[in-house]
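Notes follow once the structure below has been shown.
No value in this document is a laboratory result; all are computed from the given coordinates. These numbers were taken from a predicted model, which means no experiment stands behind them. Cβ sites come from the backbone with ideal geometry, for glycine too, and all protein chains shown count toward neighbours.
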Amino acid sequence: MSSEMDEFLQIYGTLPRAGPGSNALTRRAFDILTDLPESPRILDVGCGPGMQTVELLKMSNGSVVAVDFLPEMIARAEAAAERAGVADRLVTLQQDMHEMDFPESSFDVIWSEGAIYILGFEAGLRKVKKYVKPGGYVAVSEAMWLKPDPSPEVVSLWEEYPEIDSIDAKLDVIKRLGYEAVGHFVFPPSAWLEAYYEPMERRIADKETEWRGNEKAEAVLQAAKNEISVFRQYSDYYSYAFFVMRN
């Protein structure tokens with residue numbers, strides 16, 4: 001692992017969540033799902049440290065297959081499930097989500113919080129469609145514009161993710177791929193702050209003195225600080241939204 005990646009993980013890989021969200025929002029999205037079997041089989045794509053993975057296990061009384069590329073995230077998800085007493089219903093796979101391959105119609109629910117962007121919103125929804133049973137659900141959270149004409153600072157922050165778009169544009173993609181959109185909602189600012197940016201600020205403060213003079217490490221800190229600063233100034237322009245759809 002490169003030094004820069006190691007430092008990135010010391011900031012981003014130690015947070016309660018790997019992106020914006022909360023247990024309350026996970027539950028809100030799960031409550032949209034109806035007609036689930038008594039013990040649904042769920043695929044959690046890009047599980048990160050497993051906060052939503054554990055919540056899904058608690059709510060569903062089902063089993064979860066959790067996929068993540070990073071061994072550190074898999075270990076944290078397994079430990080979180082163990083602490084919550086639900087590890088007996090969890091299977092983890094350390095795997096690049098591009099390489100995922102499951103039998104057709106394997107899952108009742110496919111879930112991805114803040115991670116589908118790695119595949120791309122449209123490409124990701126297309127890829128997982130064959131893995132979900134007819135009548136089954138796909139639920140993903142995805143970045144989106146809340147209003148037009150964002151400032152240059154916001155545009156710069158999101159330039160590496162050209163698929164950020166409006167809610168209507170995302171709903172058009174869902175329909176075009178042959179899903180039925182059954183619900184969506186936008187994340188409040190608290191979903192970015194409480195389990196993500198505020199813990200990140202504490203990690204930055206912990207590391208600033210230790211990493212002073214290390215150019216690559218300081219660049220990681222500066223990028224994280226900039227991300228938080230832009231959000232605090234311009235959170236009315238963008239957020240994540242949950243999209244729940246049916247196959």
Exercise. Size of the dipole of segment 1-130 about the Cα centre, Lys and Arg at +1 and Asp and Glu at -1 on the beta carbon, nothing else charged, in debye to 20?
Worked result: 400 debye
Exercise. Non-local amide H neighbours of Ile110 (under 5 Å, H modeled in plane, Pro and chain starts lacking H): which ones?
Worked result: Leu43, Tyr137, Val138, Ala139
Exercise. Where a ≥ b ≥ c are the square roots of the eigenvalues of the C-alpha gyration tensor, would you call the chain rounded, which needs a/c under 1.5, or, failing that, prolate if a/b is larger than b/c, or oblate?
Worked result: oblate
Seminar exercise, completed: With a Förster distance of 30 angstrom and the Cβ-Cβ distance between Ala79 and Glu210, calculated FRET efficiency to the nearest 0.05 equals 0.75
Exercise. Which of the peptides 209-216, 185-192 is most tightly packed, and how do the rest follow, going by the mean number of other Cβ atoms within 10 Å of each residue?
Worked result: 185-192, 209-216
For this session: Specify which residue in the list Met97, Ala123, Met59 is farthest towards the positive end of the charge dipole of segment 41-126, using unit charges on the beta carbon of Lys, Arg (+1) and Asp, Glu (-1), about the Cα centre.
Result: Met59
Problem set entry | Residues whose placed amide H lies under 5 Å from that of Leu93, excluding near-sequence neighbours | Ala66, Val67, Asp68
Problem set entry | Charge sum, other residues only, whose C-beta stays under 15 Å from Phe243's C-beta, Lys/Arg counted +1 and Asp/Glu -1 | -2
Exercise. Taking a point 7 angstrom from the Cα of Leu93 along the C-beta vector, which residues in segment 15-45 have backbone N less than 18 Å away?
Worked result: 40-45
Seminar exercise, completed: Helix 198-208 sits off the longest principal axis of the Cα atoms of the chain, rounded to the nearest 10 on a 0 to 90 degree scale, by 40 degrees
Problem set entry | Three-way shape label, segment 22-70, alpha-carbon gyration tensor, a/c 1.5 | oblate
Problem set entry | R0 of 35 Å, Cβ-Cβ distance Glu160-Asn61: FRET efficiency to nearest 0.05 | 0.35
Problem set entry | the chain: angle of helix 3-12 to the longest principal axis, Cα-based, in degrees nearest 10 | 70 degrees
For this session: Could you please rank Ile228, Ile74, placing first whichever residue has the fewest other Cβ atoms within 10 Å of its Cβ?
Result: Ile228, Ile74
Exercise. Using modelled backbone amide H atoms (1.01 Å from N, in-plane), which distant-in-sequence or interchain residues come within less than 5 Å of Gly183's amide H?
Worked result: Val244
For this session: Calculate the dipole size of the chain relative to its Cα centre from +1 charges on Lys and Arg beta carbons and -1 charges on Asp and Glu beta carbons; express the result in debye to the nearest 20.
Result: 700 debye
For this session: Could you please state, rounded to a whole Å, how far the C-alpha centre of segment 118-134 is from the C-alpha centre of segment 170-185?
Result: 12 Å
Exercise. So how tilted is helix 51-60 from the main axis of the chain? Cα-based, degrees 0 to 90, rounded to 10.
Worked result: 20 degrees
